[in-house]
Amino acid sequence: MSGFDLMRDKLTNARIAWRAAQDLEDGSYVNLGIGFPEMIARFQPEGREVTYHTENGVLGFGKAPAPGEEDWDLINAGKKAITLNPGAAIFHHADSFAMVRGGHLDLAVLGAYQVAQNGDLANWRVGSSGVPAVGGAMDLVHGARRVAVVTDHVTRDGGPKLVERCTFPLTGVACVTRVYTSLAVIDIADGRFVLREKLPDITMAALQAVTGATLHIEGEVGDLFVPEEI
């Protein structure tokens, strides 16, 4: 790999989240999935206004409260304490999903076990293990105008998470448009993985070797750059 060590040199989750945050659009309404995707809000670019939505019924929540200052009547879908920004709204769970299903969210960002080259997403169950039901993710992936994924490029044992076809139960069909991984930024267009950015030190051959479907190139591939301090 020309000196590139996959486990040592890949991006951390925080650095993947930082890169995804740079694409948050000013004035957008965004749902960040439970867990890793929630980290994106920490890196929202200065001066960019984003309104965050959570399935349990809050629009316009803010940063996490300081330890000891939590109001446990105010939580997000991941049961984490939140604060409210000026103008925030609290509403019924059913109204929250009406917003999702009505196409009122600009972006949903989720984690993944697998993403297929046609945009299929599997992120809730691996074989017989996992949560017992897909939950609100199936609404988000088809209700939001755009769906992005943040994920490690490979599994814990080094297998590809970006594949020709998902083998795990699906969350949604042909729904993902962009994937931010620990090695690259990849768009899904016309049923293909299109490489937009990659870490400068990994070769194309090495990146393709850990990707389970063909990476296509359209125009110049940029360097995936994240500041050292992240």
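Of the residues making up region 57-70, those that are at negative phi and buried (at least 17 other Cβ atoms within 10 Å of the Cβ) are Val58, Leu59, Phe61. I'm checking my understanding of the structure. Among residues of region 186-205 that are touching a helix residue (DSSP H, G or I) at 6+ places or on another chain (Cβ under 9 Å) and closer than 11 Å to His153 by Cβ, which one is surrounded by the fewest Cβ atoms within 10 Å (Cβ to Cβ)? Per the stated criteria, the residue is Leu199. Per this entry, Arg8 is not counted among residues that are out of contact with any helix residue (DSSP H, G or I) (no Cβ under 6 Å at 6 or more places or on another chain), buried (at least 18 other Cβ atoms within 10 Å of the Cβ) and within 28 Å of Thr203 (Cα to Cα).
Criterion applied to Gly119, Gly143 was being farther than 30 Å from Asp5 by Cβ, small (Gly, Ala, Ser), touching a helix residue (DSSP H, G or I) at 6+ places or on another chain (Cβ under 7 Å) and touching a residue at least 24 places away in the same chain (Cβ under 8 Å), and the one residue passing it is Gly143.
Annotation for region 81-102: no member residue is in contact (Cβ under 8 Å) with a residue 60 or more places away in the chain, surrounded by 14 or more Cβ atoms within 10 Å (Cβ to Cβ) and within 30 Å of Gly222 (Cβ to Cβ). Being farther than 27 Å from Asp190 by Cβ and among the aliphatic types (A, V, I, L, M) is a property that does not hold for Ala148. In region 174-198, the qualifying residues are those that are among the aliphatic types (A, V, I, L, M) and assigned to a strand (DSSP E or B), and the one that is nearest to Ala122 (Cα to Cα) is Val179.
Each residue in region 16-37 was checked for being buried (at least 18 other Cβ atoms within 10 Å of the Cβ) and within 24 Å of Asp223 (Cβ to Cβ), and 9 pass.
How many residues, within region 7-32, are within 30 Å of Gly158 (Cβ to Cβ) and either among the aliphatic types (A, V, I, L, M) or modelled with pLDDT of 95 or more (or both)?
Count: 16.
Just one of the numbered conditions (1) within 16 Å of Lys10 (Cβ to Cβ); (2) assigned to a strand (DSSP E or B) is not true of Asp201: (2). If you filter region 122-158 down to residues that are assigned to a strand (DSSP E or B) and modelled with pLDDT of 95 or more, you find that the one that is farthest from Ile34 (Cα to Cα) is Val154.
Out of Thr211, Thr171, report the one residue that is crowded, with 19+ Cβ neighbours inside 10 Å, within 14 Å of Leu121 (Cβ to Cβ) and in contact (Cβ under 8 Å) with a residue 12 or more places away in the chain.
Thr171
Does Val154 satisfy being under 14 Å from the mean Cα position of the chain (by Cα) and not basic (Lys, Arg)? It is false that Val154 is under 14 Å from the mean Cα position of the chain (by Cα) and not basic (Lys, Arg).
Screening region 43-121 for strands (runs of 3 or more DSSP E) wholly inside it with 3 or more residues that are of a type outside the set (Asp, Glu), at pLDDT 95 or above and under 22 Å from Cys175 (Cβ atoms) returns the ranges 50-54, 107-110, 114-116. Selection over region 38-56 of residues that are surrounded by fewer than 15 Cβ atoms within 10 Å (Cβ to Cβ), closer than 17 Å to Leu107 by Cα and among the charged types (D, E, K, R) gives a count of 3. Restricting attention to region 13-30, the residues being polar (S, T, N, Q) and either farther than 13 Å from Leu224 by Cα or in a helix (DSSP H, G or I) (or both) number 2.
The values are calculated or read from the model by the stated rules, or taken from the named source; none is laboratory data. For clarity, every value in this text was computed on a predicted model and none was experimentally measured. Cβ atoms come from the backbone with ideal geometry, glycine included; neighbour counts cover every protein chain shown.
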